[in-house]
Each structure stands twice: as structure tokens, then as C-alpha cells.
């Protein structure tokens, strides 16, 4: 087996609702290579978000092993997982979840407050992240002064400012129109191809999934199909 | 940027809510400072009295009963060597009013010979004592009274008594007392009053109270018992108290003001805590998902708890400062003076009041924020993110 960035071995995840034991993931085995762009698709309740949360260390499997890079997440307690996430994972959410009273630059700076870093160094990283997403001229704008697409770009900048290995995106274009969605997906592709980020994206949208090099189809917690797409990115096509 | 900055900015999310909550803190905390300053002033006055080692001897039934002058000599005879008892000063209530005023001033006629000894804290110089002895109409006046009536040393003024036979007497100021505890008082010579009463054919002479200056605390304790024992089973049975007990009873006769102030302050503080708690809970409920995102991007639960608590304390303290600072500065620059303030004369800002108010604000902030902070600490990121989706 080649050095894998993400590995799940016989992962089961069950949730308890009253007396009912509801399986979210049922014996999942999965390997995601470093530097790949993977989309996860499936109907509601198929286990997509659960899979994302396990990879991101937000939740623990009921049984099985989750490994990201050199780290076996099962070995970490909650504090360890929190610290691991701050260094190795960037999250992008459907609703952006920016702090409305902070500027774009300040929102991007938030994850850096967890590290001992000079303010000049923080400033430099924030500027770089905003340049990557193309919003260097919007640094002092508050979220209510930005469009939906710009807000998501700020959220992406926040996700990459700590230079994580893995970016996890949960329906990143779910709240955007088609044109803006394309821009965001182009940006994610850029992060993958130019910066070597491993990207795992949950989506309902086949057009969004077409940007990924690999699409995993889940249903009832089981991996139904695993499609590899050689011509994954519209960037490659153009 | 720091986390403290983030907390401060969070207060701007809902400017109206923050402003209303801040005002809810500001007004009561400003009043709290004034109230505690008043209580501190009363305590300071009490401490000052304690140092003077004076006993108050008055009729057991009522202070208004006149005690015969001869009782002074009997009290003095308890300690002819003057080892426990320095001097005795008889005082009689005059209750003077300025012309065209209904306000009764605390005016007392005091024994000419022993007043400067028993009331050494008035701080009369040798010249002033000389003037007190030579001038029958001599009056020693508190600074509030002097200010209100625009009196200076040498001023002449008249007062009419509020009790029978409603004498009108003229006085001359020989000293203005600078002490806060004496600010609303006036003393004059009792022989002057007694002469005027005789001229008015008013038969009753004597004193409402004898002040006994003691040499020390043990002497006070023994003399207190001996004086009451001396006059027990007589028509003029006495109650002898130390000065603070006497003043406390006197003040409490009009109601337990310090106790009432403290009780009202506590009630107000409790109400503020409820308001603050409601505000912080509302703010937390609105931001559950945002806090979940903070946890997702790597903020530890302990830090999230600290952020929620910190925001609550910041709101409480900044709101309180809006009230505490103006009141404190106001009282520091221009202390409230007035005869209505009774034994303390002037209301000055008390550092205890300021520190107390701000400490109270911190405690209220912590109390209001602890429950939402614990909920934030326990927040399951996954569940909150699912709810957001």
C-alpha cells in the first residue's frame, strides 16, 4: 500500500436514538491518496457528513480505525483531536459561518489565534490566504458587505490560512448560484492542483462532483460505487 | 487581533441589546456606589466616634426628658481621682430654625466649662476656647450649616427654637468645624440658654444628655454600669451607651437606613444578574452554530467556555463603568453636602464602593455567563453542525 493521506479500516458508526441503534456507516474501508480531490455523494442519511466528520476528527467511530497521514485518530482524546484539527484540517461549510462583527481579514485570522505567532506573521499569512482566493482588496470588508460567493471565499481563506494538509468541504456550493458555484469549485481545484491540498467534498450536485478526480457514492452507510474521473477538472478540459 | 478584541466586537452584534443591558447595569451600579459610599461614610463616622471614648447618659424612658443639672456632679463623683473619667458635659436640645425655615437644625447647648474637653475632636484652638469662654453667645458651627447660612467666624445670626418656649436667640460664630461628622451640628453655651429660659419664666432647667469623656475602653465599660446603677430606682433612671450605640439608636428611630440601603442594593444587584443572564443566554442561543464552527476549526472547549464567560464579564463590567465612573468622578470633584445627610455631613466617593461595584459586576458577569458557558463547553460540534445543515 502506498503512503495514504487518509485511511479508514472497517469503520462502523452507529447513533443511538432512544432505544434504536441507527447505523450511519457500516463497515467502510477506504483509502484516499494524498493530494487527491474526492467528492462524496449519496442520498440524505447515506453517511456522507458522518464520513466527513470522522475524517476531520469531529467524531469518533463506533469501531474501526481512522488514519490521516501519520496520525491514528482513534488514539487521540478530545483535546488531542482539537489540537490535531487546528494544525492539519481546514473546514468549509455550506453556510460559511463567518463572524459578522469581524472583517474578512479578521475572520481569516481566527484560526491563527490558536498559535503563538507574531502579529506581523499572522498578517502576512492572512494576506497570502486572501490573495489565493482573490479577495485581497476586500480585507477590511465585513461579511454583510460581501456577496455570498465572496463570503465563501473568505471561509476558504480561513480554512487554508494554517496551511492544512486536508480540506474538508461540506456542501460548499449549496447556498450559491450556478455561476458563483463554478468560481468556488475552480478555486478548490486550484488548491488541489497548485497547492497539493487533499480535498474531500460532500455534495449533492453532480456538476460539483465533476470537479473531483474521484467520486464516492454512499448509500445506507455503505460504499456503493467508487468512480475515478481521469478528466476531473473543467480546468484540465480548458 | 486578540481574543479580547473578538469578545469586545461580539458586543456589537446587537447594538440595541448591548446598550439596553449596559444601561441596566449602569444606573444601578452608579446608585450602588453612592449607597456604599453613604454606608462607608456612616461607618467612618462611627469609627471616629469610637476613638473619642464618650458615653451618652440620658433618661431611660425618653431622650426628651430633662435630667437635673445635679446629676453631673454625681457622675463626676464616681471617679474623683479622674483616673477613669476625664470630664462630663451636659447638653440640652435647642432645635433651632433659621428665620422663615421649617428645617430643624441639630443645635445643642453645651456646658461652657467642659465642652472643649469632652469634645476635643472639634479641634478648638486656645484662642477659640478663650472666645468660647468670653462670649456668652458663642456658637461652634458645622461647615454645612455655615455654608448654607453663609456664616463666617464673627458672623451674627439668630435661630428660633422648635420646642417650648420657642425662644429666639442671637449667636456669634467663634469656630466653624471642618469635620464631616460635625458638618450639620451646632453647639452653643448652655448657661446662655438657661439664662434666657429663666427670663422667659420657663421653670425647667437641666440637660437632655450628659456626655462622659472616659480615659479608655475598660473605663467606659465600668462607668457605663456604675452610672446606671447610681440612678437606678430613682425618678431619673438612666440609660448609658457608648456614642455609636447612641447614634445608631437615634438614626434607627427614623428607620434602619444603612440596612435598608444594603437590602435595596442587593435586590437591585440580583435583578441585574437576571437581566444579564437572559441577555447572555439569548446571545449564546443565537451563536450555537458559530461556536460549533470555532470548535471545528480547533478552538478547545475550555477556550470556548472562557470566551462565553469573558463576553459576559466584559458586558457586565463595561456597563457598570458607564454608571460607576460618572458617579465616582462627580462625587470626587463635588461631594454632595447637605444637612439632610445627618451624621456624615458630606457624601464622598468611597473607594470601597467603587471596588465593590466593579467586583460585583465581575461576579454578576460570571454568574450570568456560567450556564451558557458550560453549555458551550459541552456543545457537541457534530450535532450543532448537523442542526445548521
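Within chain B, antiparallel bridges make up roughly 75 percent of the DSSP beta bridges whose residues both belong there.
For chain B, how big is the tail of P(r) above 40 Å, as a whole percent of Cα pairs?
Details: 28600 of 75466 pairs.
It works out to 38 percent of all Cα pairs.
Hey, with R₀ at 51 Å, roughly what FRET efficiency would residue B:234 and residue B:156 work out to, going by the Cβ-Cβ distance, to 0.05? Efficiency at R0 = 51 Å is approximately 0.80.
Quick check on chain B: helices-only [θ] at 222 nm, where DSSP H runs of length 4 and up contribute -39,500 (n - 2.57) each and the sum goes over total residues. Nearest 500, please. Numbers along the way, then the final one.
On the way: 14 runs with 216 residues, N = 389.
The helix contribution divided over chain B gives -18500 deg cm²/dmol.
Let me check against my output: what whole-number percent is the relative contact order of chain B, with C-alpha pairs under 8 Å and at least 6 apart? Rounded, it is 29 percent for chain B. Here the alpha carbons of the protein assembly as shown define both size measures, Rg and Dmax, at 40.5, 125 Å. Neighbouring Cβ atoms from other chains, within 10 Å of the Cβ of residues in B:286-297, number 5 on average. The C-alpha atoms of chain B define a longest principal axis, and helix B:243-252 lies at about 70 degrees to it.
Taking a spot 7 Å from the Cα of residue A:220 along the direction of its beta carbon, which residues of the range A:46-67 have an amide N less than 17 Å from it? So the set is A:46-48.
Rounded to 0.05, the FRET efficiency of the residue B:352 and residue A:71 pair, given R0 = 51 Å and the Cβ-Cβ distance, is 0.40.
Rounded to the nearest 10 degrees, the inclination of helix B:351-378 to the longest alpha-carbon principal axis of chain B is 20 degrees. Note that chain A carries a Kirkwood radius of 18.3 Å, evaluated over its alpha carbons pair by pair. Residue order for B:93, B:211, fewest other beta carbons within 10 angstrom first, comes to B:93, B:211. Looking at the range B:61-236 alone, DSSP beta bridges between its own residues are antiparallel in about 65 percent of cases. Taking only the Cα atoms of the range B:61-236, the ratio Rg/Rh comes out at 0.97, with Rh defined as the Kirkwood radius. Using the alpha-carbon atoms, what tilt in degrees (0 to 90, nearest 10) does helix A:119-132 show relative to the longest principal axis of chain A? The answer is roughly 70 degrees.
Tell me the Kirkwood hydrodynamic radius of the range B:1-124 in angstroms, computed as one over the mean inverse distance between distinct C-alpha pairs.
This gives a value of 20.3 Å.
Report the relative contact order of chain A, percent, no decimals, based on alpha-carbon pairs under 8 angstrom and at least 6 residues apart.
Values: 470 pairs, mean separation 64.4, N = 238.
Taking the mean separation of contacting Cα pairs over the length of chain A, I get 27 percent.
Need one word for the range A:71-126: rounded, prolate or oblate. Basis is the Cα gyration tensor (sqrt eigenvalues a ≥ b ≥ c); a/c below 1.5 gives rounded, then a/b vs b/c decides. Here the range A:71-126 falls in the oblate category.
Rg to Rh ratio, the range A:78-207, alpha-carbon atoms and Kirkwood radius? Display every interim value, and only then the final one.
On the way: Rg = 13.9 Å, Rh = 14.7 Å.
With Rg and the Kirkwood Rh in hand, the quotient comes to 0.95.
Counting other Cβ atoms within 10 Å as a rough exposure proxy, the listed residues B:287, B:386, A:142 run B:386, A:142, B:287 from fewest neighbours to most.
Take B:173-184, A:175-186 and order them by the average number of nearby Cβ atoms within 10 Å per residue, most first; the result is B:173-184, A:175-186. Between the range B:1-68 and the range A:81-146, the C-alpha centres lie 46 angstrom from each other. Our estimate of slack between residue B:66 and residue B:264, defined as 0.36 nm per intervening residue step minus the Cα-Cα distance, is 67.5 nm.
Please arrange A:14, A:53 by counting, for each residue, the other beta carbons lying within 10 Å of its beta carbon, fewest first.
Numbers: A:14 15, A:53 22.
So the residues, fewest neighbours to most, are A:14, A:53.
None of the figures in this text is laboratory data; all of them are computed from the coordinates on show. Quick caveat, the model's predicted, so the values are computed rather than measured. Here Cβ is always computed from backbone atoms with ideal geometry, including for glycine, and neighbour counts include all displayed protein chains.
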